[in-house]
1. Going by the structure shown, is Lys268 charged (D, E, K, R), under 19 Å from Leu356 (Cα atoms), away from the ligand (no atom under 16 Å from the Cβ) and open to solvent by 50 Å² or more (accessible area, probe 1.4 Å)?
2. So if I check each of Ala290, Ala295, which one is surrounded by 23 or more Cβ atoms within 10 Å (Cβ to Cβ) and at pLDDT 95 or above?
3. Return the pairs, sorted by first residue and then second, in which the second residue is of a type in the set (Phe, Trp, Tyr) and in a strand (DSSP E or B), the first residue lies in segment 323-340 and is over 9 Å from Leu356 (Cβ atoms) and within 15 Å of the ligand (Cβ to nearest atom), the beta carbons are less than 9 Å apart, and the residues are 6+ apart or on different chains.
4. Looking at Leu221, Leu215, Leu318, can you tell me which residue is assigned by TED's automatic domain parsing to the domain that holds Leu178, open to solvent by 30 Å² or more (accessible area, probe 1.4 Å), out of contact with any helix residue (DSSP H, G or I) (no Cβ under 7 Å at 6 or more places or on another chain) and of a type in the set (A, V, I, L, M, F, W, C)?
5. When you scan segment 139-160, how many residues do you find that are open to solvent by less than 10 Å² (accessible area, probe 1.4 Å) and either away from the ligand (no atom under 16 Å from the Cβ) or not assigned by TED's automatic domain parsing to the domain that holds Gln179 (or both)?
6. Among Arg132, Arg136, Arg110, Arg103, which is the only one that is touching a Pro at 6+ places or on another chain (Cβ under 8 Å) and open to solvent by 30 Å² or more (accessible area, probe 1.4 Å)?
7. Given the criteria in the same structural domain as Ser47 (by TED's automatic domain parsing), at negative phi, open to solvent by 50 Å² or more (accessible area, probe 1.4 Å) and among the charged types (D, E, K, R), does Asp279 qualify?
8. Given the conditions (1) assigned to a loop (DSSP other than H, G, I, E, B); (2) within 30 Å of Gln345 (Cα to Cα); (3) in contact with a helix residue (DSSP H, G or I) (Cβ under 8 Å, 6 or more places away or on another chain), report the number of the one that Ile25 does not fulfil.
Amino acid sequence: MRPDTLALHTGVEFCPHTGAASVPIYQTSTFHWSDLDQPPDFDYARSGNPTRAALERAVAELEGARHGFAFSSGMAAITGALLTLPAGSHVIACEDVYGGSYRALTQVFRRLSIETTFVDATDLDQIAHAIRPNSRALYLETPSNPNLRITDLSGAIQIAKAHGLMTIVDNTFMSPYLQNPHQFGADVVVHSATKFIGGHSDVIAGVATCQDDALASEIYLIQNGFGAVLGPHDSWLLLRGLKTLPLRMRQSQESAARIAAYLQQHPKVQRVFYPGLPDHPGADIHRRQARGPGAVLSFDIGGANEVREFSKRLRLPLFAVSLGAAETILSYPARMSHAAMPQSQRDHLGISDGLLRLSVGVEAVEDLLEDLDSALHAL
Ligand SMILES: *Cc1c(COP(=O)(O)O)cnc(C)c1O
């Protein structure tokens, strides 16, 4: 089945008792044992819940994976994957990793004697040169945040495999609809399901998928052992979000492409970052590994004063942290997602004071363009 169909027909099994069309929300903490010698499939809802299990199957199928795990946040899914590493491991991560993942790696995992080296993963030589005898994992995001830098998944994963490293890919920006890193050999794929999978700015959630049965047991050990599981109602919200993921993604992506082209020719805009622009660095690599450029773009309008004026005049976008929702969201990385980063590191990564990130929603694109146009006109 194609992804559009899978999104509607996977994980969803009609209730055998009632024929209910929607997966029931099994709002229960425990399950009755009718026979001591035949334990039920589900016995306690941290260990497993039928609503969560339906979601886990659905996401795994969409990612082309054998196993799926739902967590209480994207960060819980990411730490769940990283906690499978033995103490003393060395991790190689892309330098423009999500801020929360940077914090977890540098402030939490370091305490557990798991050290991370951050490299520019768009340059495969930097990955190869960072490998040490105790390197155990490669952690990637492509396109990355906020400048949509592209890493060659297949090339990077080949290097990791040659040295026995597990590869974890944060696929949040693409969603399972546009990119499936397991195809290129990724061992674990993680998502902040808070973003495109949920799609409605109403739930915090995370998922991890993997292929290997032994690795799946390890992730399950962390999910059940640490207990950062997704509740049944939140699982149901994601199942509901998944049904329209293809529709939302297609509409948002089409609008994002038009907005990127519009911004690129605007005299007040200094630079646009979007993998759908032919001159975007790595656009050719992105086209090989993803089914589209996605719904997120960044652009630079000069400096903090311009950003202040521009964001005040815009009427439609939510001015907020987050992305991947039905409504358009404008974020200011220097003050929001990357505020904790020292200025020198922001400069190094090209996160300037005039840079804005736009996650394009499903509004009529003409309304979005008019709104952007009048706000830019006022600068
Ligand atoms: C939001 C986000 C996360 C963290 O997810 P939460 O659901 O907020 O815990 C991780 N990676 C990326 C790329 C994100 O955008």
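The values are calculated or read from the model by the stated rules, or taken from the named source; none is laboratory data. All figures in this text were calculated on a predicted structure; none of them were measured in a lab. Please note: Cβ atoms are built from the backbone with ideal geometry, for glycine as well, and neighbour counts cover all protein chains shown. These area figures cover heavy atoms from the full protein model, side chains too; ligands, DNA and RNA do not enter into them. Shrake-Rupley method; radii C 1.70, N 1.55, O 1.52, S 1.80 Å.
1. In short, yes.
2. Just one listed residue meets the conditions, Ala295.
3. Pairs that qualify, where the first residue is over 9 Å from Leu356 (Cβ atoms) and within 15 Å of the ligand (Cβ to nearest atom) and the partner is of a type in the set (Phe, Trp, Tyr) and in a strand (DSSP E or B), are Ile329/Phe319.
4. That would be Leu221, the only listed residue that is assigned by TED's automatic domain parsing to the domain that holds Leu178, open to solvent by 30 Å² or more (accessible area, probe 1.4 Å), out of contact with any helix residue (DSSP H, G or I) (no Cβ under 7 Å at 6 or more places or on another chain) and of a type in the set (A, V, I, L, M, F, W, C).
5. Residues in segment 139-160 being open to solvent by less than 10 Å² (accessible area, probe 1.4 Å) and either away from the ligand (no atom under 16 Å from the Cβ) or not assigned by TED's automatic domain parsing to the domain that holds Gln179 (or both): 3 in total.
6. Testing whether each residue is touching a Pro at 6+ places or on another chain (Cβ under 8 Å) and open to solvent by 30 Å² or more (accessible area, probe 1.4 Å) leaves just Arg136.
7. no
8. (2)
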